[in-house]
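Data first, discussion second: the structure below is written as structure tokens.
The values are calculated or read from the model by the stated rules, or taken from the named source; none is laboratory data. None of the values given here were measured: they were computed from a predicted structure. Because the Cβ atoms are built from the backbone with ideal geometry, glycine has one as well, and the counts that use them run over all protein chains shown. Surface accessibility is based on the protein's heavy atoms, side chains included, excluding ligands, DNA and RNA. Shrake-Rupley method; radii C 1.70, N 1.55, O 1.52, S 1.80 Å.
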Amino acid sequence: MLGPVILAASRSDKMRRFVSAAPGTKQVVARFIAGETVEQVVPVVKEAVAKGLEVTLDVVGEDITTREQAAAARDAYLELIEQLAGLGLGTKAEMSVKLSMFGQSLEGGHELALANVRPVVEAAAAIGTTVTLDAEDHTTLDSMFAIHEELRKDFPQTGCVIQAYLFRTEDDARRLSQAGSRVRIVKGAYKEPASVAYQDKAEIDKAYVRVLKILMEGDGYPMIGSHDPRLIAITQELARSAGRKLDDYEFQMLYGIRGDEHVRLAAEGHRMRVYTAYGTDWYGYFMRRLAEKPANLLFFLRSMITKG
Ligand SMILES: Cc1cc2nc3c(=O)[nH]c(=O)nc-3n(C[C@H](O)[C@H](O)[C@H](O)COP(=O)(O)OP(=O)(O)OC[C@H]3O[C@@H](n4cnc5c(N)ncnc54)[C@H](O)[C@@H]3O)c2cc1C
């Protein structure tokens, strides 16, 4: 019930101002956001790698309104890659990007987003790593998949994300299940209408398993983005029956969520990549984390009252 309301609020400027200024917000945000600057996130990366984890780094921000902001987003990723260059981590530290932050929704946005993301993908390849294109709301996906296909001509290791809640996703999974392709499967975090997406949690979970099966039996490299213990167990089962070795797929979880599970799966020999978000424009990302688990909202409200 609460999830859709929070997701609607995630698009409101009024709510953005209110939440950003609220007492206690910073403390709750810090659970999900690893820092505000690249200097703050680098030690977090080093610590994760020392624990046997891998990371995908997200400079938070989306839905920008000017071409200058899109260029600034590109530059923020280029600065991050420059900092990573000296660490020699290769694919242990990759990048996740939201094309809306690269200008996708502006006029001529498809070409603009492609022009802005290409140098980031090039710079990532130059230091031996790669980029994954996040999936945003369903209206952006045809453009995202077209940009993904374009980038893969020169950088075949570029990954993308598919969302189990969308009716289209089984077809996308089949299309993307080719040798060399890297595909992250997630449940989906946006408010989507019943005309394009399952609304019921059980239906979404069943769709997730169907997509997982397609990816595991296909020729690509599946990246399992979920904290759901049942789906993690099913992944292990499906990987075994598809004859995949432990390094033929990977788990991915979000920074700040089920941290013990990150370490447990890595200790079992799995590849475990932590999606590590940082930066100052955290509002949309943070609100999606609240929407996923109403207990987070209660915690947030309580911290506002105690600090206020
Ligand atoms: C690595 C990664 C990348 C992602 N990229 C995208 C993307 O590109 N596009 C997109 O639409 N979505 C993305 N998501 C979000 C995803 O769609 C889901 O909204 C999110 O993962 C919650 O679903 P779940 O599979 O963990 O299952 P759920 O059933 O939601 O959660 C299972 C359990 O995990 C824990 N949990 C889950 N979420 C939270 C939370 N916010 N706070 C505290 N505990 C929680 C709880 O214990 C919960 O019971 C990503 C998720 C991950 C892990």
In segment 54-95, what residues are in contact with a strand residue (DSSP E or B) (Cβ under 6 Å, 6 or more places away or on another chain), crowded, with 22+ Cβ neighbours inside 10 Å and either at pLDDT below 95 or among the small types (Gly, Ala, Ser) (or both)?
ALA93
When both residues are 6+ apart or on different chains and their Cβ atoms are under 7 Å apart, which pairs have a first residue that lies in segment 29-46 and is touching a residue at least 24 places away in the same chain (Cβ under 8 Å) and open to solvent by less than 60 Å² (accessible area, probe 1.4 Å), and a second that is hydroxyl-bearing (Ser, Thr, Tyr) and part of a loop (DSSP other than H, G, I, E, B)?
PHE32/TYR255; ALA34/TYR255
Counting only residues that are more than 14 Å from the ligand (Cβ to nearest atom) and among the aliphatic types (A, V, I, L, M), which one in segment 177-206 is nearest to ILE6 (Cα to Cα)?
ALA194
Select from segment 255-265 the residues that are part of a helix (DSSP H, G or I) and either at positive phi or within 10 Å of the ligand (Cβ to nearest atom) (or both) and list them in ascending order.
GLU261
Which of the residues spanning segment 289-301 are in contact (Cβ under 8 Å) with a residue 24 or more places away in the chain, farther than 12 Å from THR25 by Cβ and either of a type in the set (Lys, Arg) or within 9 Å of the ligand (Cβ to nearest atom) (or both)?
ARG289, ALA291, GLU292, ASN296
Selection from segment 266-284 of residues under 28 Å from ARG11 (Cβ atoms) and within 10 Å of the ligand (Cβ to nearest atom) yields VAL274, TYR275, THR276, ALA277
Residues in segment 141-175 that are buried (at least 22 other Cβ atoms within 10 Å of the Cβ) and of a type in the set (Asp, Glu): how many?
0
Filter result (in a helix (DSSP H, G or I) and surrounded by fewer than 21 Cβ atoms within 10 Å (Cβ to Cβ)) within segment 266-283
ALA266, ALA267
Can you report the number of residues in segment 10-34 which are within 22 Å of GLU261 (Cβ to Cβ) and outside any helix (DSSP H, G or I)?
2
Failed item in (1) closer than 18 Å to ASP205 by Cα; (2) surrounded by fewer than 21 Cβ atoms within 10 Å (Cβ to Cβ), with LEU297 passing the rest:
(1)
Being in contact with a Phe, Trp or Tyr (Cβ under 7 Å, 6 or more places away or on another chain) and over 26 Å from ALA242 (Cβ atoms) narrows it down to one of ASP137, ASP142, ASP200, ASP154, so name that one.
ASP137
